Each structure stands twice: as C-alpha cells, then as structure tokens.
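Everything on this sheet refers to the single structure shown next.
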C-alpha cells in the first residue's frame, strides 16, 4: 500500500499541468490535477491522502489566493506552493501570510520546482508523524523510543484541567522533543556534517543551523575525533 501523500497541481494551462505531472510522477510522487480553483476544491475534499497543493495564482474565475485561503481554513495541514508571475513579490507575500508554505515565480526552473515539492512533502510527512505521536500520547502511551524526556499523556493531564490547554501544552513539548530528536539523529547519521544532514532533512543549511542553535545542539559532538599523533 502506497502511503506517500498525494500532490495536487492546479493550473488552467494544460501544458503546465502535464509537464509537472509527468515530472513529479517520474520522481515517485502520486499526482492529481485540476484546471480551476473550483475543481481543485472538489479534488481536495475527495482525496484523503492529499498532502501538497501546487497552484497558480492567476486563473479564470476564483484565483489562487482565494483558493489558498479557503483550503487552509478547512485543511490546516495541507501544504501549499503557489506559482506567481515574474516580479509579483507582493502577491507571493500575501500568499505566505494566508498560509502558503512556499512560492515560485513563473517561468520556473523545473529542478527548483521539483526540489520545492520534495521538501514540502517531507515537511508534511514529518508534521503528520508528529501528530500521530501526539495523539498516542493523549491516551497515555509509553514514551517514544529514544526520546525519554518527552512527557506521556498522564503527565500533561496532571498539569491541566481542560482538554484544550492539555493538548496545547502537550503539543509544544512533544514538538520540541521530536524536532530535537530528529536533528540529533540526522547529525549522527552524517557524522556531524551539517551540509549533508541539512540535505537529507530537505532544509536550507542556514535554517538547519538556526534549528541547531535553538535546540543548543553542537554538530561538532557528532564528528569523528582526530587521533592524537
């Protein structure tokens, strides 16, 4: 059974839809398409495994900004990449503010687009995995292996009285612990090589370093020690 999230391509230009669909499928993604925002809404509601939507901004009828806002309002976990016209920075900023994860300008480089989709799919999968761990913790499951500092559901329930506050506190603690565990494990696999670790995580090197600083992780700890001469 294929558990990879589905990628939705929304563009009124058939040539663009076919180009992206062929490339994404070649790279192993499951792909569906829509030629309008209205059709995209139907696809979103009928595709339970949908994880990423790539949408053009300028389309006949409802535009990509409206589509992005509507979809994020009802499907908060769905990741969205918008395609804007060249020089439309203000439009891209508006898209990011209403929930888009990334943007690319047309005409885009196909390699850059493919990398953006791969990175966004990985972000979606990590977020879904995190949510699964949180749901397990809420029913007092044992801690995740290798993350002994993360509290169980019982720990959180003892700190809060309401379901809402309990979930909020639990999510924050589990998210931080999960992120730190992931960063240290990927650094271990690459023996402290930040560039290689960031590439595996599909995160820009500068952002990866920022995450390391936030969690007080020293990459040098994971590098092989030089033998004394």
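A quick yes/no check of all residues on (1) modelled with pLDDT under 90; (2) assigned to a helix (DSSP H, G or I); (3) surrounded by 18 or more Cβ atoms within 10 Å (Cβ to Cβ); (4) in contact with a helix residue (DSSP H, G or I) (Cβ under 8 Å, 6 or more places away or on another chain):
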{"position": "177", "(1), (2), (3), (4)": "yes, yes, yes, no"}
{"position": "180", "(1), (2), (3), (4)": "yes, yes, yes, no"}
{"position": "187", "(1), (2), (3), (4)": "no, yes, yes, yes"}
{"position": "192", "(1), (2), (3), (4)": "no, no, no, yes"}
{"position": "195", "(1), (2), (3), (4)": "no, yes, no, yes"}
{"position": "202", "(1), (2), (3), (4)": "yes, no, no, yes"}
{"position": "210", "(1), (2), (3), (4)": "yes, yes, no, no"}
{"position": "226", "(1), (2), (3), (4)": "yes, no, no, no"}
{"position": "229", "(1), (2), (3), (4)": "yes, no, no, no"}
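Return the residues of the range 83-117 that are loosely packed, with under 15 Cβ neighbours inside 10 Å, in a helix (DSSP H, G or I) and in contact with a helix residue (DSSP H, G or I) (Cβ under 8 Å, 6 or more places away or on another chain); say none if nothing qualifies. Across the range 83-117, the qualifying residue is only 110. When you look at residue 50, is it modelled with pLDDT of 95 or more and buried (at least 20 other Cβ atoms within 10 Å of the Cβ), yes or no? Considered against the rule, which asks whether it is modelled with pLDDT of 95 or more and buried (at least 20 other Cβ atoms within 10 Å of the Cβ), residue 50 comes out as yes.
Note on the range 1-25: residues that are modelled with pLDDT of 95 or more, within 21 Å of the chain's Cα centre (by Cα) and surrounded by fewer than 15 Cβ atoms within 10 Å (Cβ to Cβ) total 1. The set of residues in the range 53-76 that are assigned to a helix (DSSP H, G or I) and surrounded by 15 or more Cβ atoms within 10 Å (Cβ to Cβ) comprises 64, 65, 67, 68, 69, 70, 71, 72.
Yes/no matrix, rows are residues, columns are (1) over 26 Å from residue 29 (Cα atoms); (2) modelled with pLDDT under 60; (3) not assigned by TED's automatic domain parsing to the domain that holds residue 214:
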| position | (1), (2), (3) |
| --- | --- |
| 82 | no, no, yes |
| 85 | no, no, yes |
| 97 | yes, no, yes |
| 104 | no, no, yes |
| 107 | no, no, yes |
| 112 | no, no, yes |
| 144 | yes, yes, no |
| 155 | yes, yes, no |
| 173 | yes, no, no |
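The values are calculated or read from the model by the stated rules, or taken from the named source; none is laboratory data. Keep in mind that this is a model prediction, so the values were computed, not measured. No Cβ is skipped: glycine too gets one built from the backbone with ideal geometry, and neighbour counts run over all protein chains shown.
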